[in-house]
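What follows is one structure encoded as structure tokens, with my remarks underneath.
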Amino acid sequence: MEQHARLDAQEAALDALLEALDVPAEVPQDDRVARLAERAPGYAQYHRIGHKRQAAYRRLTADRAAAHRAYPLVLAALLTDDDPSSPRWFAQVLLTVGGRRRLQEELVAAVAAGDPLRQVCAVGAWRWADAADGPLAERFPAARREAAARCVDPWARERLAEQPTGRQ
């Protein structure tokens, strides 16, 4: 899956979340971003996404009732974020309002039956889901292996493959 398509999906999920939360995303003008975007296509959008993610996170952590209501949209935003670190913000919100087991079940389901982007993002989010031993921890690597075997997208297949260190 191409980077621009992943960023478009992530930004659309964040826009839907922000709209539901009635939160404007203010992205300050920064000449450095424009200069970096000249050398790194997609950087301006990546930067904008970061501001949107933080605006949503601030609202969700300040208003637990809003976080409960927006759970499906927060999950959708989490499952479009393939960055290694940023999923921790929304995973934290989901853990707080839905619990560890619910989030882990959602991530296993996304790996087992999601599209390639959702599968990859669920794999990335697993490390932030406070994973523990037990049936879900056993189902996750099995779902990951099956998804990698079925995957035809080279970008997704590489990310779904088991890590050489055995880390899930």
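The values are calculated or read from the model by the stated rules, or taken from the named source; none is laboratory data. Only a predicted model underlies this, so the values are computations on that prediction, with no experimental measurement involved. In this analysis, Cβ positions are derived from the backbone assuming ideal geometry, glycine residues included, and neighbour counts consider all displayed protein chains. Side chains are part of the model used for accessible areas, which takes the heavy atoms of the whole protein and leaves out ligands, DNA and RNA. Shrake-Rupley method; radii C 1.70, N 1.55, O 1.52, S 1.80 Å.
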Of the candidates LEU17, LEU94, LEU78, the one satisfying the condition of being modelled with pLDDT of 95 or more, open to solvent by less than 70 Å² (accessible area, probe 1.4 Å) and touching a Pro at 6+ places or on another chain (Cβ under 9 Å) is LEU78
Exactly one of GLU38, GLU11, GLU26 is farther than 28 Å from ALA62 by Cβ, acidic (Asp, Glu) and either open to solvent by 70 Å² or more (accessible area, probe 1.4 Å) or modelled with pLDDT of 90 or more (or both), and that one is GLU38
Q.
Based on this model, can you work out whether ARG59 counts as part of a helix (DSSP H, G or I), over 18 Å from GLN10 (Cβ atoms) and charged (D, E, K, R)?
A. no
With the first residue restricted to segment 1-24 and required to be touching a residue at least 60 places away in the same chain (Cβ under 8 Å), and the second required to be of a type in the set (Asp, Glu), Cβ contacts under 8 Å at 6 or more apart or on different chains are MET1/ASP153; ARG6/ASP82; GLN10/ASP81; GLN10/ASP82
For ALA109, indicate whether it is surrounded by fewer than 17 Cβ atoms within 10 Å (Cβ to Cβ), closer than 27 Å to LYS52 by Cβ and of a type in the set (A, V, I, L, M). yes
Note on segment 55-73: residues crowded, with 17+ Cβ neighbours inside 10 Å, among the hydrophobic types (A, V, I, L, M, F, W, C) and within 19 Å of GLU26 (Cα to Cα) are ALA55, ALA56, LEU60
In segment 113-156, residues that are in a helix (DSSP H, G or I), in contact (Cβ under 8 Å) with a residue 40 or more places away in the chain and surrounded by fewer than 18 Cβ atoms within 10 Å (Cβ to Cβ) total 1
All-but-one check, THR61 against (1) more than 13 Å from the chain's Cα centre (by Cα); (2) under 26 Å from GLU162 (Cα atoms), failing number (2)
